[in-house]
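S.K.: First the structure, which I've put down as structure tokens, then a few questions once you've had a look.
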Amino acid sequence: MFKKILSLSVVAAAISASAFAQAIIPISQARTATTVVHVTGTVLNTGELGPIRYIQDYSGFAIAVYAPTFFTAANNIGVGDSIDVVGKMGQYNNLAEFGTTGNPPTVSLISRGAAVPEPIQFDATNWSNAYAEINEGKLIRLNRIPSISGTGVFTGNTNYTLAGQASLVLRTNTSTASIVGVNTPSDTFDVVGIMSQFSSTNPTGGYQLLPRFIADLYTSSRATLNGKITALNIDTSSMTLSFNQSGGATVRLSYGTVPGTYTNQLDGTGTGTAQSFNLTGLSPATVYWVQVALTNASGTNTLAAVPFITKSKSSGKVTTYFTNSVNTAYAYTGNQAVALPNLVDDTLIAYIGRATESLDIAIYNWNNSGLSNITGAVNAAFARGVKVRVVADGSTAQAGITGGLNSSISVQVSPQGFIPGSSSVRYSIMHNKFVVIDANSTDPNKAIVWTGSTNWTDEQINTDFNNVIIFQDQSMAQVYRIEFEEMFGSSTLTKGDIWNGSTGTARFSSLKKDNTPHFVKVGSSDVEVYFSPSDATSSKIEKSIRSCNSNLQVAEMVITRNELATAIKDVALATATRGCLGVIVDDTNSSGSSAAPFVTIKLGVGSKAIVKPRAFQLFHHKYLIVDSDQPQSDPLVLTGSHNWSSAAENNNDENTVIVHDQMVANRYFQEFAARMEQFGTPYTTCTVTVAAAPYEVVNRNLEVYPNPASTELNVSIEGLSGTAAISVTDMAGRNIQTLNVTSNGSLNETINLSNAARGLYVVRVATGGKVYSQKVSVQ
């Protein structure tokens, strides 16, 4: 890439007089303009696609420029150059471009060596989403493609099908000399290209991914990661990052607290597949951005930076409340679930009353009618000097805001209508119901996150079936604040303008980015956090379902995603003789008894899959419980605002937490058991083990080595006597191996891993009311 920037005098001479006559507009607006317009942008390709260049600007949108008289070998306009374009936009086989017949644009070079936008990445959960009008002209990266049609070598002007899906088209151009004649990939690969379009009839079809040069094909010759980076042993001042690379590359890991600015670097040891880095000297409850660079004979592959967060010094207490009755007969000793009929509003007000520094609210529906005065509590917090900010959904009445909220409080309302640059994709709803309190306090025990399924309305709090989960944890508060400020558009008290295709910092719906840490250590428990629609949440739900080894319960207002229904069926058929199963859905939506997903679920769960009777109020839960009475497995509860629907997955603003904690899962089970009994299908034939005392998660004294491991793993605990159950599970929660042993003073066991696939695993030792747990990497 050229590093030289042309002087201002050269720039002035290069741009035609007609350019100055037209005000520069963003490409997002130019794409739909019908008159002569003026744009500037960074070039994404060189001559490998012929006399056409795709350019992208600060609006995030891109457009094609066809100019044979300017894009010549002599001018050598290529990747990273900035150009100025004046002309009339048209459509060439439904591709938006300058330079259609009779409308040649005026093109001038501004500078060379500009930063090129990072490709937008898509994986197996959303490859098809890349092929859309909103991505036309942009750099796109499809990850982990398992196959490509055809065999032998690439030929020019040829369409190839990816992953056996007819809609996933890759096209090679005859001019793409570095690809034509090269062998097509024979194994899994990643590919970068420009999302173009060629269809004479369909304005939203005919999309093609155009790779530019051989470096856009990340095959086994070009190093990449197998899977994602995983954080192990997260603590207040350290964490271990582990991942697998394709092998043979040297590895450099860079990290820092500011994206793009990496103040620390670590080099990997050797060029092996399994890589592990121990980051030390970190600060508590702090986000660190991590970038991995892999170098082999084919060059350096620098991956997009990923955020991780250290453990906080907070109490880590997790509190749960339910709006209706619970069955404490299923409670572990000292772990009774708490029902707050008609009192969730008062509890929320009490938490708001604890705020001393900041109060950030993201709420779908807020109405004080029939409730205690939540608005008054927020106003009181503002009056005592708390910095208050609100993000509210724009499709609901929000009487709690319009009916008395102090007008000096900044309120960001989610937009309605089409997403900028698209005539087919609309903003959807801001469906969150979370509150972040004192996230940046110097006292880590002040930080609070309140979330769950409960809106602030009379019905939702006083009658409907709902849950609330509260984290006293500063790391969780930091993660939620990042998400809040992306929608609010600012880190200050002044909200940002909503992004409109050219300006604005507030982003909603599919315009949001995957920019938050996903793994948080809360006390001694692992918690995962995902926000929709940027984080492919449905795939995380499916993974949680399939982690079940024994018991599974689902309480969902909506289940319309077929892959989630299939996962429930598969797990049910595999575990039906080994534990308790149950699924409840609401009766007023398309997840009802005749819907295809529910029919699928019934095939596995049978009579324990029920539709809530219509005589009862709205069943508004969105939770999943896995293996709540199996400490040797991976007990978890998944909850939040995310319905199991395509709207939540692809359009709505949502949040989901997955809490890997047996006590929290047990509390949700008490709520679920009460609902099954209330709806006429009690667990009369289901035996659930109720522990005499809660299991305590302990990480000290356990030694697991070597780490990374290969064919054998040694497990050792000093000072342990009695029986113990050792289990090894993969990161999806599936049991790989279980070993029952007896120890007299110290535990020393060797586990055979010769049949284990490479990847990350969790080793657990359950004994004497305690669970020892540690993650290990297997090469």
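S.K.: Not counting ligands, DNA or RNA, and with a 1.4 Å probe, what is S491's accessible surface area in Å² rounded to the nearest 10?
M.R.: Result for S491: roughly 80 Å² accessible.
S.K.: Which whole-Hz couplings ³J(HN,Hα) result when phi for each residue of region 449-466 is put into the Karplus expression 6.51 cos²θ - 1.76 cosθ + 1.60, θ = phi - 60°, listed in order with x for Gly and Pro?
M.R.: Result, ordered by residue: 10, 10, 8, x, 9, 8, 7, 9, 9, 3, 5, 5, 8, 9, 10, 5, 8, 8 Hz.
S.K.: While we're looking at this one, here's another question. With unit charges on the beta carbon (Lys/Arg positive, Asp/Glu negative), name the residue among F519, S315, L109 whose Cα is farthest towards the positive pole of the charge dipole of the chain.
M.R.: Checking the options against the dipole of the chain, the answer is L109.
S.K.: Could you let me know the centre-to-centre spacing of region 708-761 and region 383-448, using Cα atoms, in angstrom?
M.R.: Rounded to whole Å, the Cα centres lie 47 Å apart.
S.K.: So, with a 1.4 angstrom probe, what is the percent of accessible area on region 538-678 that is carbon and sulfur?
M.R.: Whole-percent figure for carbon plus sulfur exposure: 50.
S.K.: If you place +1 on the Cβ of every Lys and Arg and -1 on the Cβ of every Asp and Glu, how big does the dipole about the Cα centre of region 87-186 come out, in debye to the nearest 20?
M.R.: Dipole size: approximately 160 debye.
S.K.: Quick check: Cα centre of region 490-568 to Cα centre of region 100-121, how many Å?
M.R.: About 35 Å separates the Cα centre of region 490-568 from the one of region 100-121.
S.K.: Placing unit charges on C-beta atoms (Lys and Arg positive, Asp and Glu negative, everything else neutral), compute the dipole magnitude of region 205-341 about its Cα centre in debye, rounded to 20.
M.R.: 100 debye
S.K.: Using a 1.4 angstrom probe on heavy atoms only, work out the carbon and sulfur share of the accessible area of region 380-491 in %. Please list the in-between numbers first.
M.R.: Details: 1640 of 3360 Å².
Ligands and nucleic acids excluded, carbon and sulfur reach 49 percent.
S.K.: Can you sort T463, T224 by solvent-accessible area, 1.4 Å probe, largest first?
M.R.: T463, T224
S.K.: Name the residue farthest towards the positive end of the dipole of the chain from the options Q662, G164, A673, assuming +1 on Cβ of Lys and Arg, -1 on Cβ of Asp and Glu, about the Cα centre.
M.R.: Positive-most Cα among the choices belongs to G164.
S.K.: Setting aside same-chain residues fewer than 8 positions from K88, which aspartates and glutamates have a Cα under 16 Å from its Cα?
M.R.: Those aspartates and glutamates meeting the cut-off are E97.
S.K.: Now a separate question. Could the peptides 268-277, 628-637, 86-95 be put in order, highest first, of the mean number of other beta-carbon atoms found within 10 Å of their residues?
M.R.: Sorting 268-277, 628-637, 86-95 by mean packing, highest first, produces 628-637, 86-95, 268-277.
S.K.: What aspartates and glutamates sit close enough to K543 to cross-link, taking a C-alpha to C-alpha distance under 16 Å and skipping anything fewer than 8 places away on the same chain?
M.R.: Partners found: D123, D526, E528, D535, E563, D570, D627, D634, E649, D730.
S.K.: Oh, and also: Enter the Cα centre distance for the pair region 339-372 and region 125-143, rounded to the nearest angstrom.
M.R.: 40 Å
S.K.: Also, I was wondering about something else. Using a probe of 1.4 angstrom, how much of the accessible area of region 103-171 is carbon and sulfur, in percent?
M.R.: Answer for region 103-171 is 51 percent, counting heavy atoms of protein chains only.
S.K.: Could you give the dipole magnitude of the chain about its Cα centre, charging the beta-carbon of Lys and Arg +1 and that of Asp and Glu -1, in debye to the nearest 20?
M.R.: Dipole of the chain, to the nearest 20 debye: 740 debye.
S.K.: Show me 103-112, 665-674 ranked by packing, highest mean number of other Cβ atoms within 10 Å first.
M.R.: In descending order of packing, they fall as 665-674, 103-112.
S.K.: Still on this model: Sum -39500 (n - 2.57) across every DSSP H segment of at least 4 residues in the chain, then divide by the residue count to get the 222 nm mean residue ellipticity, nearest 500.
M.R.: -4000 deg cm²/dmol
S.K.: In Å², and per residue, what accessible area does the chain have when probed at 1.4 Å with the other protein chains present?
M.R.: Result: 37 Å² per residue.
S.K.: Mind checking region 244-336 for trypsin sites (Lys or Arg not before Pro) that DSSP puts in a loop (not H, G, I, E or B) and that have at most 13 other Cβ atoms within 10 Å?
M.R.: none
S.K.: Excluding residues on the same chain fewer than 8 positions from K608, give the lysines whose Cα lies under 16 Å from its Cα.
M.R.: Straight-line reach from K608, under 16 Å: K569.
S.K.: Which of rounded, prolate or oblate describes region 126-217 when judged by the alpha-carbon gyration tensor and an a/c cut-off of 1.5?
M.R.: In terms of gyration-tensor shape, prolate.
S.K.: Continuing with the same structure: Take the Cα coordinates of the chain, assign each an equal point scatterer, and use the Debye formula without solvent to give log10 I(q)/I(0) at q = 0.06, 0.09 Å⁻¹.
M.R.: Debye curve over Cα of the chain, log10 I(q)/I(0) at q = 0.06, 0.09 Å⁻¹: -0.41, -0.93.
S.K.: Out of A329, A350, T402, whose Cα points farthest toward the positive end of the dipole of region 265-419 (charges: +1 Lys, Arg; -1 Asp, Glu; placed on Cβ)?
M.R.: Of the candidates, A350 comes out farthest on the positive side.
The values are calculated or read from the model by the stated rules, or taken from the named source; none is laboratory data. If you're wondering where the values come from, they're calculated on a predicted model, not measured in any experiment. We place every Cβ from the backbone using ideal geometry, glycine too, and count neighbours over all the protein chains shown. SASA here: full protein model, heavy atoms, side chains in, ligands and nucleic acids out. Shrake-Rupley method; radii C 1.70, N 1.55, O 1.52, S 1.80 Å.
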